[in-house]
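The values are calculated or read from the model by the stated rules, or taken from the named source; none is laboratory data. Keep in mind it's a predicted model, so treat the numbers as computed, not measured. Don't worry about glycine lacking a Cβ; one is built from the backbone with ideal geometry, like all the others, and counts go over all protein chains shown. In case anyone asks, the SASA skips ligands and DNA or RNA and just uses the protein heavy atoms, side chains included. Shrake-Rupley method; radii C 1.70, N 1.55, O 1.52, S 1.80 Å.
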Amino acid sequence: MKKQLFALLTVGAMATTVFAAADDKINKINELIPQIAADKVEDRYAPQIELQLLCADASKPGAEAERATVAKYLSTKAADASVKQPARVWIVRQLERMGSAECVSTLATLLKDQDAELKETARRALEKNPAPTASEPLRNALKSGGTPEWQIGLMRSLGERRDTESVPLLAAKLNDPAPGVAAVAAMNLGNIGGDAAVQALTAALDKKTTGAADALILAANQLLKEGKGNQAKPLYETVLKSQSSARGAGLFGLARADAAGTEKRITEALAGNDVKLQQAVLSAAVVVYVGKLTPALAAMVPTLAPTIKGQVIRVLDASAEKTVITATADADESVRVAALESLGKIGTASAVPALLKASAGDAAEDKKAAEWALARIAGAGALPAIEKQAAEGDAKLRAAAIGALASQFDKAALPAVLKYAADTDATVNKAAFTALKRVGTDNEIEGLAKLAITDKSASAVEALQAVVGRATDKPGALKKLSAIAAGADAKGQGAYLDILTGMGGNEAMNEVVKATDSKDADVRDGAVRALSKWPEFVATKKLADIAADANALPKHQILAVRGIARLVDSCDKEPAQARIDAALNAFKLAKRPDEKKIALAALATVADKKSVTAFKTLLAGAELKENVGLAAAALANNLIKPNKGAAKELATSLVKASISEAVNKKANAVLQKIEAK
């Protein structure tokens, strides 16, 4: 008796605590409701979140009585027309998360509300409501009709709830002419499933109703997920027999439901002409031919249509290499490309001849695919086979092999490639120089230098410039080059100086600067030309000295000014003032209008406020005034993004100066751009 009394007292105490907690929450809800409907939208956020947290707390595990009490109270507020609409909507959204049977009646009433947002929110809340009775209001609403959009929403809710009692209603909508209604009805019948839904969908499929086939697939997938493969199988077969675009999905589903019986269908589909079905078949084949996909498909390749043959080739593994190699000679380009690219993934030494043949051929797409494959092929013996072909045989094939070695970054083959650079066949040595240009290392510098400086090979010079540019030991590289150049004639010296432009750096530039004082006119000429192409801004000082030298040849003065202008334009990481000073100096030193214009164009690339000041100074002079104005307008245009104010200032001053119609037109165009922004 004492134990029973204790239990009753305990339960009573717990109930008191629950309802006290619920009462506290209800009091808080009453405080929050007016705030949730505040006139200013931004003032609603904090109370909305507070109510959401309150409801979450009421819905915590073990607090069912509290949840029901709070949800029931919220239902009364949601139904209360005196509560402002924003608060009612937010309350219903909380019921969507926490409501159950206690709020179904209220939500059913709200489905008929005149406010579209409140009505839609109630539908969503009923869709999520766990009570079985929540489906009935949705069915009743669907019976009452409404706009197509409203009916679609109701059907989706019933489909989500997998409400079998709504199947007749949804089936009746399969003939609805309103846009989207029939398709949504079909899809939700598929989601609900069951014999009645399947019968309705099968009849709709015969009438070619939109979405019927996809819905049957959905119903079959549900059955398959539930482990009812035998029931799913006839649904997949029904879709497969139709002419719908879902046949591929039907075959794929059938492969999962009945792999043993699907092999024949896959074979028949691949041998046919239905491209969409064939593409789906490949997905099904992966399921059906587990562990034996390649042998099964490879045997079919020779008889397949080009539209599917290439796709089949792409899924074959290395065991079908012979079949894929044969396909590289197919009459259809897409098949050949698929085969060539596939060999890049699965090929061995056996695939190299076919790849090199295509790479050396004239068919552009084949060539591209073969080169891609040769750069990646890594099967047994592939790389040695490429190296062997590079050494002997047909010149075109050798060239293709040499290119492949470069693409493979095969540094072990570089000594041989360097030897091929001296080959008498132009096709071979051109390929070798191209390869060395791409991947040559410090080890090839000396050999290339001999070809460039001693043998006067222009291709060697170009390759060597690239190699020394990425040299890991630039002082060592310079030492090798200078040793070979020491005994060279003027032309060789010129090649040496040209090579140094690829290296850059102070030591190399000092070699070039020293050569500008050579007693040999050809060497001096080569040095000035090299300096005019120098990649680093530091060269502007020596170039300015050459441009200012009254004894310098006119062509050297021209090269020097143009070299300065190029560096001002290209060295955009240098301080703006240094670039501006160099451009102004080039303008001053230039003897011909052409070079002065080039200097002005270079100055216009320095998008800095200081350049505006420089141009204003130039505009105050009389020299090449229109050209100065045009360059200033170009600067103003370049300044729009980094400094709109400076751009407007310069363009406005140009319009006021009214130098020429052409300058005014460009300046006004800048001002229009600024206004548009």
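Worth a mention:
- From the options A391, A412, A385, residue that is under 18 Å from I445 (Cβ atoms) and not charged (D, E, K, R): A412
- When G563 is tested against (1) closer than 25 Å to G469 by Cα; (2) at pLDDT 95 or above; (3) open to solvent by 10 Å² or more (accessible area, probe 1.4 Å), just one condition goes unmet, and that condition is (3).
- Taken over region 530-554, the residue count meeting the criterion of being in a loop (DSSP other than H, G, I, E, B) and within 43 Å of the chain's Cα centre (by Cα) is 6.
- Residue check for A620: without any contact (Cβ under 8 Å) to a residue 12 or more places away in the chain and open to solvent by 40 Å² or more (accessible area, probe 1.4 Å): yes
- Matching option when the condition is closer than 30 Å to K207 by Cα, modelled with pLDDT under 75 and touching a helix residue (DSSP H, G or I) at 6+ places or on another chain (Cβ under 8 Å), among S283, S242: S283
- Complete set of residues in region 407-417 that are on the phi < 0 side of the Ramachandran plot and open to solvent by 80 Å² or more (accessible area, probe 1.4 Å): K411, A412, P415
- Residue check, A426 aliphatic (A, V, I, L, M) and surrounded by fewer than 17 Cβ atoms within 10 Å (Cβ to Cβ): yes
- Residue that is most open to solvent (accessible area, probe 1.4 Å) [pool: residues in region 89-116 that are farther than 14 Å from A68 by Cβ and among the β-branched types (V, I, T)]: T109
- Some residue of region 358-367 being touching a Gly at 6+ places or on another chain (Cβ under 8 Å), open to solvent by 60 Å² or more (accessible area, probe 1.4 Å), of a type in the set (D, E, K, R) and closer than 26 Å to T307 by Cα: yes
- Residues considered: A599, A636. Of these, the only one that is assigned to a helix (DSSP H, G or I), among the aliphatic types (A, V, I, L, M), in contact with a Phe, Trp or Tyr (Cβ under 6 Å, 6 or more places away or on another chain) and crowded, with 18+ Cβ neighbours inside 10 Å is A599.
- Total residues in region 602-617, condition farther than 18 Å from V561 by Cβ and either open to solvent by less than 10 Å² (accessible area, probe 1.4 Å) or hydroxyl-bearing (S, T, Y) (or both): 5
- Residue match in region 78-88 (condition: touching a Ser or Thr at 6+ places or on another chain (Cβ under 8 Å) and either in contact (Cβ under 8 Å) with a residue 12 or more places away in the chain or open to solvent by 20 Å² or more (accessible area, probe 1.4 Å) (or both)): yes
- Flag if K479 is over 21 Å from P535 (Cα atoms), open to solvent by 10 Å² or more (accessible area, probe 1.4 Å) and either in contact with a Cys (Cβ under 6 Å, 6 or more places away or on another chain) or charged (D, E, K, R) (or both): no
So that you can scan it fast, the table gives a plain yes or no per residue for (1) within 27 Å of A351 (Cβ to Cβ); (2) modelled with pLDDT of 95 or more; (3) not hydroxyl-bearing (S, T, Y):
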residue: K388; (1), (2), (3): yes, yes, yes
residue: I402; (1), (2), (3): yes, yes, yes
residue: K411; (1), (2), (3): yes, no, yes
residue: T427; (1), (2), (3): yes, yes, no
residue: L451; (1), (2), (3): no, no, yes
residue: A458; (1), (2), (3): no, no, yes
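- Here Y420 clears all of (1) crowded, with 22+ Cβ neighbours inside 10 Å; (2) under 35 Å from the mean Cα position of the chain (by Cα) except the condition numbered (2).
- Residue that is most open to solvent (accessible area, probe 1.4 Å) [pool: residues in region 26-53 that are within 14 Å of R88 (Cα to Cα) and not in a helix (DSSP H, G or I)]: R44
- Matching residues, region 54-74, being open to solvent by 40 Å² or more (accessible area, probe 1.4 Å), under 18 Å from A125 (Cα atoms) and not small (G, A, S): K72, Y73
- Scanning region 368-400 for residues that are open to solvent by 30 Å² or more (accessible area, probe 1.4 Å), small (G, A, S) and closer than 18 Å to A426 by Cα gives A391, G393.
- Test set (1) open to solvent by 60 Å² or more (accessible area, probe 1.4 Å); (2) over 21 Å from K610 (Cα atoms) - A662 fails condition number: (1)
- Here L158 meets the list (1) modelled with pLDDT of 95 or more; (2) open to solvent by 30 Å² or more (accessible area, probe 1.4 Å); (3) not β-branched (V, I, T) almost entirely, failing just condition (2).
- Selection over region 571-589 of residues that are touching a residue at least 12 places away in the same chain (Cβ under 8 Å) and either of a type in the set (K, R) or surrounded by fewer than 22 Cβ atoms within 10 Å (Cβ to Cβ) (or both) gives a count of 11.
- All of (1) on the phi > 0 side of the Ramachandran plot; (2) surrounded by 22 or more Cβ atoms within 10 Å (Cβ to Cβ) hold for Y496 with one exception: (1).
- Taken together, the residues in region 328-344 that are closer than 17 Å to Q278 by Cβ and open to solvent by less than 10 Å² (accessible area, probe 1.4 Å) amount to 2.
- The residue list A271, A285, A280, A320 contains one member that is surrounded by fewer than 20 Cβ atoms within 10 Å (Cβ to Cβ) and more than 30 Å from R161 (Cα to Cα), which is A271.
- Any hit, region 301-310, residues being within 30 Å of the chain's Cα centre (by Cα), under 20 Å from S283 (Cα atoms) and among the small types (G, A, S): yes
- Some residue of region 192-200 being within 24 Å of K276 (Cα to Cα), of a type in the set (A, V, I, L, M, F, W, C) and either part of a helix (DSSP H, G or I) or in contact with a Gly (Cβ under 8 Å, 6 or more places away or on another chain) (or both): no
- Residue check for L174: open to solvent by less than 40 Å² (accessible area, probe 1.4 Å) and at pLDDT below 95: yes
- With a requirement of 2 or more residues that are under 30 Å from A212 (Cβ atoms), the helices (runs of 4 or more DSSP H) lying completely within region 73-179 that satisfy it span 116-128, 135-143, 148-160, 167-172.
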